[in-house]
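The values are calculated or read from the model by the stated rules, or taken from the named source; none is laboratory data. Because the structure is a prediction, the values reported are computed rather than measured. Please note: Cβ atoms are built from the backbone with ideal geometry, for glycine as well, and neighbour counts cover all protein chains shown.
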Amino acid sequence: MEKIGKILRSSIHIFLQNYHYFTSTAALLAFPFSVSVLLSQALVPASPPPLPTIYNRLRTLFDAAGFPSSSQFFTILSQKLSETIFSHIFTLPFTLTFLLIAKACIIQSLNHTKPTSPHSFTSIISIYKPILLTFLCNSFLILSANTTFFCLIFFVFNFFDGFGFSSSNFLLFLSAAGAVLYSIIVANTFVICNLALILSGMEGCGGYISILKACVLIRGRTSMALFLALPVNLALAAIEALFHFRVMRAFIFAEKPASSIIIEGIFIAYLYSIFIVLDTIVNYMFFKSCKAASSINQEGENFYRIEFSEKGNCNYYVSIQNFEELP
C-alpha cells in the first residue's frame, strides 16, 4: 500500500506541476472522446436500434449454448455486454484518433524534463503508430479473454447439469462464482492492456510484443495495478453518473434552458478528459515503477530474461536466457 500511495502522490504531483499543459493540450485532445463516451452511456436507456438487436443476439447465443435461461446472472450479463459493445462501437472512431493521440502526447511530454516544451507532430505520430497497433491487439486480447470465460463457464454448467445439480440455489451459487471470476479476468486483462499501451509508447514496439512484455513486467504486481486503477475508474464512473443526473435528466424533463444544459455538459466532459489524462499519468508512473523494480539485483536467486528482437518486417522471436542479475 505504501508503494501505491507513493505512485499516486507522484502522479498527482506531476499533474499539478504541469497543470496548464495537461489541462489544455492533453485534455482538449481527449475531449471529443470524453463526449462520445458520455453520450454513448446516455443513449443506452433510450434503447437505440442497435442495442436491442445486440441483446437479442447474445440471449440467443447463450440459449443455444445451453446456459440456463432462468439464471439472472446471464440476463444481467447479456444486458451489460450489449451496452458495452454498443458503447465501444459508438466511441471507436474517437478512440482510434483523439484518445490514442492524447495518450501519445502525454507519454511524449512525460519523457521530457519539461512537459511544457513544444513537441513536433512527427514525434507524436511516431509514438501514436505503435500505440495504435497495440490497441488493436488489445481488442483481440479482450475478445479472447471473454471467449475463454464463456467456454469455461459453458463446460462448468453443463458438467454439473449432467450430474443432476440443477437446483435454483446451486445455479445461484454458480452464477455468483461466475460473476466473481469474470470480474477478475476482465480486470486483469484491462490492467495488462493499459500497461501495454504505455509500454508501446515508451519503447516504440507495438502489437502483441508489447502485451507480452507487459505480462512479464506486471508479474507479481497485479494487485498493485488493480488498486491503482480503482480510484480513477471510480472517479470516471462518478462523472458518468453526474452527466446522467445533471445533463440527460435535465434535457429529458426540460428542467433548464438548452444553453445551460449544453454548457454544463461541456464542463462535465472536460472534467472526464482531465481524469483520462490523470489515468495515463498513473499508468506511466506504474510502468516506471515496474521497470525500476525489475532492474534491482537480488542475490541468491535465479532470474530469467526475455529478449525481444526484430527480424525483417514485423517478425519477432523470443529467446529466454538464464542470467545472474537483471540489467
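All told, residue 89 falls short of being farther than 27 Å from residue 178 by Cβ, modelled with pLDDT of 85 or more and of a type outside the set (Gly, Ala, Ser).
Part of a helix (DSSP H, G or I) and either within 17 Å of the chain's Cα centre (by Cα) or under 13 Å from residue 11 (Cβ atoms) (or both) - does that describe any residue in the stretch 243-265?
Pass one, the stretch 243-265, residues part of a helix (DSSP H, G or I): 243-253, 258-265.
Applying the additional criterion that residues be either within 17 Å of the chain's Cα centre (by Cα) or under 13 Å from residue 11 (Cβ atoms) (or both) yields none.
No, the conditions are met nowhere in the stretch 243-265.
One residue alone among 131, 209, 184, 125 is of a type in the set (Val, Ile, Thr) and touching a helix residue (DSSP H, G or I) at 6+ places or on another chain (Cβ under 6 Å), and that residue is 131.
Select from the stretch 1-15 the residues that are within 14 Å of residue 275 (Cβ to Cβ) and of a type outside the set (Gly, Ala, Ser) and write down the one among them that is nearest to the chain's Cα centre (by Cα).
From the stretch 1-15, those within 14 Å of residue 275 (Cβ to Cβ) are 8, 11-12, 15; that's our starting set.
With of a type outside the set (Gly, Ala, Ser) added as a condition, the list becomes 8, 12, 15.
On the way: 8: 18, 12: 20, 15: 20 Å.
Here the residue is 8.
Among the criteria (1) out of contact with any helix residue (DSSP H, G or I) (no Cβ under 8 Å at 6 or more places or on another chain); (2) farther than 19 Å from residue 12 by Cβ; (3) modelled with pLDDT of 80 or more, the one residue 234 does not fulfil is (2).
Any idea how many residues of the stretch 201-222 are assigned to a helix (DSSP H, G or I) and over 19 Å from residue 10 (Cβ atoms)?
Taking the stretch 201-222 first, the residues assigned to a helix (DSSP H, G or I) are 201-203, 208-217, 222.
Restricting the remaining residues to those that are over 19 Å from residue 10 (Cβ atoms) gives 203, 208-216, 222.
Going through the stretch 201-222 one residue at a time, the tally reaches 11.
Quick check on this structure: which one of 168, 175 is loosely packed, with under 13 Cβ neighbours inside 10 Å, of a type outside the set (Lys, Arg) and within 19 Å of residue 62 (Cα to Cα)?
So the residue among 168, 175 that is loosely packed, with under 13 Cβ neighbours inside 10 Å, of a type outside the set (Lys, Arg) and within 19 Å of residue 62 (Cα to Cα) is 168.
When the stretch 5-51 is limited to residues that are β-branched (Val, Ile, Thr) and at pLDDT 85 or above, the one that is farthest from residue 101 (Cα to Cα) turns out to be 7. Being modelled with pLDDT of 80 or more and in contact with a Ser or Thr (Cβ under 7 Å, 6 or more places away or on another chain) holds for only one residue in 152, 181, 141, and it is 141.
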